[in-house]
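Below is one structure, written out as structure tokens, with a few remarks after it.
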Amino acid sequence: MKKNPKMTALLAEHPLAELTDEDIPYLFRQVKEKGWTYTPNGSRVLTGLIPKTVPPYVDVLQEETWINGRGMTDRDLPRAESERTGPLLRRCFAYAFACLVEAERRFGDQDALAYVILSLDGLDDDLLTATVTFCTRDPNTRPYIPDIENVQDAAVAELTLSDHDMGR
């Protein structure tokens, strides 16, 4: 797993033992269960996230990240960062790994990547929020988040299916 120091610190403080589908909010579980497909452009996308109208994309990476990126459900979590961080991490990592497992089943390889990002948001940058985004690596395209280890304004991790054992 690639991660920056902020994500390293969060994971040390909030270990992710035994992630299960129960950690995934219901709507995200439904997305995972609908599985993956290809778009006409050859992008790998989660079927449950495909919009009704699709704008033109510059490349496969842009299409994959635009369709496959979502903010994690968090309205039911406490506002206090100390009580919010652990559950938010569990939700994101459980969803990411579950979708990576489904991607391998569908495509027969481990080319899918998941990006988990936690950052302060809200009207006054006072609320910890999270996103999970999926894409594939293309040697001809710049990575979705280059130089993850040096990202300063958020906690960031790039996950592959081989990282899945950390959540068990």
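Details
- The one condition from (1) closer than 20 Å to residue 160 by Cα; (2) of a type in the set (S, T, N, Q); (3) not in a helix (DSSP H, G or I) that residue 41 does not meet is (1).
- Among (1) over 9 Å from the mean Cα position of the chain (by Cα); (2) at pLDDT 95 or above; (3) over 25 Å from residue 53 (Cβ atoms) - the single one residue 116 does not satisfy: (1)
- Top-ranked residue in the range 13-39 [being open to solvent by 100 Å² or more (accessible area, probe 1.4 Å) and not aliphatic (A, V, I, L, M); ranked as nearest to residue 86 (Cα to Cα)]: 13
- Summed over the range 135-164, the residues that are of a type in the set (S, T, N, Q) and either on the phi > 0 side of the Ramachandran plot or open to solvent by 40 Å² or more (accessible area, probe 1.4 Å) (or both) give a count of 4.
- Residues in the range 72-97 that are loosely packed, with under 13 Cβ neighbours inside 10 Å and either of a type outside the set (Lys, Arg) or closer than 19 Å to residue 115 by Cβ (or both): 5 in all.
- Among the residues making up the range 1-52, those that are among the basic types (Lys, Arg), more than 15 Å from the chain's Cα centre (by Cα) and modelled with pLDDT of 95 or more are 6, 34.
- Evaluating residue 64 against the criteria (1) modelled with pLDDT under 95; (2) of a type in the set (Asp, Glu); (3) under 23 Å from residue 149 (Cβ atoms) leaves one unmet condition, (1).
- Residue in the range 53-71 that is nearest to the chain's Cα centre (by Cα), counting only those that are without any contact (Cβ under 8 Å) to a residue 40 or more places away in the chain and surrounded by 19 or more Cβ atoms within 10 Å (Cβ to Cβ): 67
- Count of residues meeting criterion [in contact with a Lys or Arg (Cβ under 7 Å, 6 or more places away or on another chain), within 21 Å of residue 112 (Cα to Cα) and not acidic (Asp, Glu)] in the range 17-42: 5
- Cβ separations smaller than 8 Å between residues 6+ apart or across chains give the following pairs from the range 135-148 residues that are farther than 13 Å from residue 63 by Cα and at pLDDT 95 or above to residues that are of a type outside the set (A, V, I, L, M, F, W, C) and surrounded by 14 or more Cβ atoms within 10 Å (Cβ to Cβ): 145/115; 145/158; 148/2; 148/3; 148/4; 148/158.
- Listed by first and then second residue, the pairs linking a residue in the range 17-40 that is under 18 Å from residue 74 (Cβ atoms) to a residue that is of a type in the set (Val, Ile, Thr) and assigned to a loop (DSSP other than H, G, I, E, B), with Cβ atoms under 6 Å apart and 6 or more places separating them unless they lie on different chains, are 25/73.
The values are calculated or read from the model by the stated rules, or taken from the named source; none is laboratory data. Predicted, not measured: the structure shown is a model, and the values here were computed from it. As a convention, Cβ positions derive from the backbone with ideal geometry for all residues, glycine included, and neighbour counts pool all protein chains shown. The protein model used for the area step is the full one, side chains on, heavy atoms only, and it has no ligands, DNA or RNA in it. Shrake-Rupley method; radii C 1.70, N 1.55, O 1.52, S 1.80 Å.
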